[in-house]
1. With 10 angstrom as the radius, rank B:LEU81, A:LEU26 by how many other C-beta atoms surround their C-beta, starting from the fewest.
2. Under 12 Å from a label point 7 Å along Cα→Cβ of A:ARG7: give me every residue in the range A:42-66 with its amide N that close.
3. With label points built 7 Å along Cα→Cβ from the Cα atoms of B:LEU157 and B:SER52, find their separation and express it in nm.
4. Whole-Hz Karplus ³J(HN,Hα) for the range B:68-85, in order, using 6.51 cos²θ - 1.76 cosθ + 1.60 and θ = phi - 60°, x for Gly and Pro?
5. Mind sorting A:ILE44, B:ILE70, A:ILE205 by how few other Cβ atoms lie within 10 Å of their own Cβ, fewest first?
6. So which residue, out of A:SER132, A:SER55, A:SER169, gets the largest mean-square fluctuation from a GNM of chain A using Cα contacts under 10 Å as springs?
7. For A:GLY123, which sequence-distant residues (separation of 5 or more, or a different chain) have an amide H within less than 5 Å of its own amide H, given hydrogens modelled in the peptide plane?
8. Could you go through the range A:187-193 in sequence order and give the Karplus-derived ³J(HN,Hα) for each residue, using 6.51 cos²θ - 1.76 cosθ + 1.60 with θ = phi - 60°, rounded to whole Hz, and x for Gly and Pro?
Amino acid sequence: MERAVCRDDGRQVIDLDDLNEVHVGLVGGDLLVSGTPGPSRLEIECVDGQPVWISCHDGLLLIEQHQPADLASRRTRATVAVSCPPATLVSARSVSAPVVVAGIAGELRATTVSGDIVWSYVGGEVAARSVSGRVEMEGVSGRLRVTTVSGDIALAGGYLDSLAAQSTSGNLTLDIETRQEGDYRCNTVSGHVLMRLPSEADATIEASSLSGRLAVPAAAEGERTGRPGRRRARSVLGSGSAAIRLRSVSGALAVLTRQEAVAV
Amino acid sequence: MKRVFGHGGLRLFLLMLLDEQPRHGYELIRLVEDRFLGMYTPSAGTIYPRLSSLEEEGLVEHEEVDGRKIYRLTDAGRQELHDRKAELAELQERAAESARQMAGAIRAEVRDSVRELREELRHTMRDVRRQDRRAGRRSEAEGRGSRHARPGSRLGLQALRADLDAFCGDILAAAEATELRADTVKAVRDALLDAREAVVAVFNAPPAY
């Protein structure tokens, strides 16, 4: 199936054969992808600008709306909502459109310029990149990579096998449960990192910053080591099986455990 | 997310699910979730009271199987469902086609969670810092010094401690060299209390310049 949806077409609802791969490229507007056990379907509206191109073959869905260079000032906007099986591979690019995803547990990646990335209960191989968009997730599981320049990153509840979070000036607020042998790294330049772990967390925490304040659980002053110029703090919770590494240049790094408050 | 169901919507939806076959409570929660693209998860606290009120109305009945309640539709329930067919169709239509509102609702929900988390962590960090400050004051009082003390204070404290040690030493030495009568001890203690008051007054006084 191939077709174009124009401004005059209004909102189109298209039933699709079961999807296994979805690629969407938008400029502005709204994008929602949701995993559902029911039949796959696409709801689409070209709100402004060039027609939106749709192609669907053998379970591969492609959706694209271009922004013509000579009409850069004109707004290009589309509303796209895809329902597909939870195991679908989903890949999205957008300039300013927020990418909202729920219930996808296969492979998921999104790249935006200023669009927010908002994900609820996703898992598997998960990757989010944005320049200034905020990345906000709830109930994420699996392996997660997040990268922003100035966008804040927040994970409200997650059970992760691994995490690689990076930002330049964006702040990281993370409430996660760690796994045995899991690997969790956060790197920022000036962004703060505030991480909360369960009270029975089993992890080795290493925090290091050039000039940012450090606060990790139960790190006695004697355990602070370091060469001149770089502050380090190390703390072992439980048997210390998971590895948590936080680094910054000037951002403050803090780790808390649930319930018990922790002294610097 | 409440607006997913208008008034009575969830009730009707539950009747529909039970019309398909008898089910237990958890299964109903999961099915409602599935039907709404995994975006609306009713809690047990939403579903169970709804089921008992349906039971009171005589639309639903239950039996216990292996300690779990299996709910089924009664004839009155089937009649109710039949009477409200149009409403149900509308509801299902809405469930399937409100994807855009769903996106908004998901955003709002995630945003709420994130905001709550930020608030919570901010409060916790504030408490931690407050405890730090308190611990700092305590250790200062215990004379171990503190990195929260102002830089000049540490040297001052050391000097004072030396003076106080010497003061105590002098007084004890004088006391040991004297035969201590009860009135002498009382007089010394009064003098010490006076001295203490004078010293504390110095701490409380505003700086002279």
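Taken together, the values in this text are just the output of simple stated rules run on the coordinates, not laboratory data. Predicted, not measured: the structure shown is a model, and the values here were computed from it. Glycine also receives a Cβ, built like all others from the backbone with ideal geometry; neighbour counts cover every protein chain displayed.
1. Details: B:LEU81 18, A:LEU26 28.
Arranged by neighbour count, lowest to highest, B:LEU81, A:LEU26 become B:LEU81, A:LEU26.
2. Counting only backbone N, you get A:46-51.
3. 5.9 nm
4. The phi angles translate into 10, 7, 9, 9, 9, 7, 8, 4, 4, x, 4, 4, 4, 4, 4, 5, 10, 4 Hz.
5. On the way: A:ILE44 22, B:ILE70 17, A:ILE205 25.
Least to most surrounded, the residues fall as B:ILE70, A:ILE44, A:ILE205.
6. It is A:SER55.
7. A:ILE104, A:ALA105, A:GLY106, A:SER141
8. Coupling constants for the range A:187-193: 10, 9, 9, 10, x, 7, 10 Hz.
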